[in-house]
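Below: the structure, in structure tokens.
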């Protein structure tokens with residue numbers, strides 16, 4: 001019987017089929033945003049990644065072109081099974097949701113002006129925003145090991161939010177400018193700690 005506080009052992013997916021099934025399930029749970037579901041599924045449920053490793057991969061996925069979760073699926077699939085794994089995870093994250101989105105688009109074209117449809121979409125947007133905030137709060141403990149430190153990481157996050165959401169600067173300006181500054185500060189702090 002496990003002791004309280006024991007951390008369950010990390011594991012790897014058994015096959016490319018398992019990758020496909022897990023990423024399909026992940027995609028089908030994440031209506032409006034898969035990030036919160038991805039963290040729960042990949043870190044807590046499947047135990048394929050530790051919280052800090054998930055955060056590292058997510059950070060890389062966010063600066064690459066394309067949807068974050070697609071980039072994440074490709075990196076995780078490649079990590080475990082190379083190109084076959086990357087294609088399996090990509091198929092899982094895209095195939096079934098693509099069919100559903102095409103069917104939903106056909107239905108939306110017929111019912112777009114119905115007030116209930118518009119209210120439902122607004123409600124889904126609020127739920128997606130709440131899931132992203134909940135995931136950010138859940139991942140907060142992992143920033144204590146960041147080279148910027150807790151304060152520096154929170155400051156960069158707040159500045160990013162302010163520049164994009166409040167001042168409405170283009171995201172690529174913020175990523176290039178503030179991201180470059182954050183990388184330089186982290187690099188400096190890593191050199192100092194050696």
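For segment 134-159, the tally of residues that are surrounded by 11 or more Cβ atoms within 10 Å (Cβ to Cβ) and within 30 Å of residue 28 (Cα to Cα) stands at 10.
Checked against the criterion of being without any contact (Cβ under 8 Å) to a residue 24 or more places away in the chain and either surrounded by fewer than 13 Cβ atoms within 10 Å (Cβ to Cβ) or in contact with a helix residue (DSSP H, G or I) (Cβ under 7 Å, 6 or more places away or on another chain) (or both), the candidates 187, 173 yield just one match: 173.
For residue 83, the requirement of being surrounded by 12 or more Cβ atoms within 10 Å (Cβ to Cβ), out of contact with any helix residue (DSSP H, G or I) (no Cβ under 6 Å at 6 or more places or on another chain) and modelled with pLDDT of 90 or more is not met.
Looking for something farther than 30 Å from residue 120 by Cα and surrounded by fewer than 20 Cβ atoms within 10 Å (Cβ to Cβ) - is there at least one such residue anywhere in segment 26-44? Within segment 26-44, none of the residues are farther than 30 Å from residue 120 by Cα and surrounded by fewer than 20 Cβ atoms within 10 Å (Cβ to Cβ).
Checking the stated criteria, residue 125 turns out not to satisfy the condition of being in a helix (DSSP H, G or I), at negative phi and not assigned by TED's automatic domain parsing to the domain that holds residue 51. Considering segment 8-21 alone, what residues qualify as being crowded, with 20+ Cβ neighbours inside 10 Å and either within 15 Å of the chain's Cα centre (by Cα) or outside any helix (DSSP H, G or I) (or both)? Correct list: 13 only. For residue 92, the criteria (1) surrounded by 12 or more Cβ atoms within 10 Å (Cβ to Cβ); (2) more than 14 Å from residue 24 (Cβ to Cβ) hold in every case but one, which is (2). As for segment 71-83, it holds at least one residue that is at positive phi, without any contact (Cβ under 8 Å) to a residue 12 or more places away in the chain and assigned to a helix (DSSP H, G or I). All of 117, 101, 37, 63 fail the test of being over 18 Å from residue 131 (Cβ atoms), modelled with pLDDT under 90, in contact with a helix residue (DSSP H, G or I) (Cβ under 6 Å, 6 or more places away or on another chain) and not assigned by TED's automatic domain parsing to the domain that holds residue 153, apart from 117.
When you check residue 94 against the structure, is it farther than 24 Å from residue 138 by Cα, without any contact (Cβ under 8 Å) to a residue 24 or more places away in the chain and assigned to a helix (DSSP H, G or I), yes or no? Considered against the rule, which asks whether it is farther than 24 Å from residue 138 by Cα, without any contact (Cβ under 8 Å) to a residue 24 or more places away in the chain and assigned to a helix (DSSP H, G or I), residue 94 comes out as no.
The values are calculated or read from the model by the stated rules, or taken from the named source; none is laboratory data. Keep in mind that this is a model prediction, so the values were computed, not measured. So basically every Cβ, Gly included, is an ideal-geometry build from the backbone, and we count neighbours across all protein chains shown.
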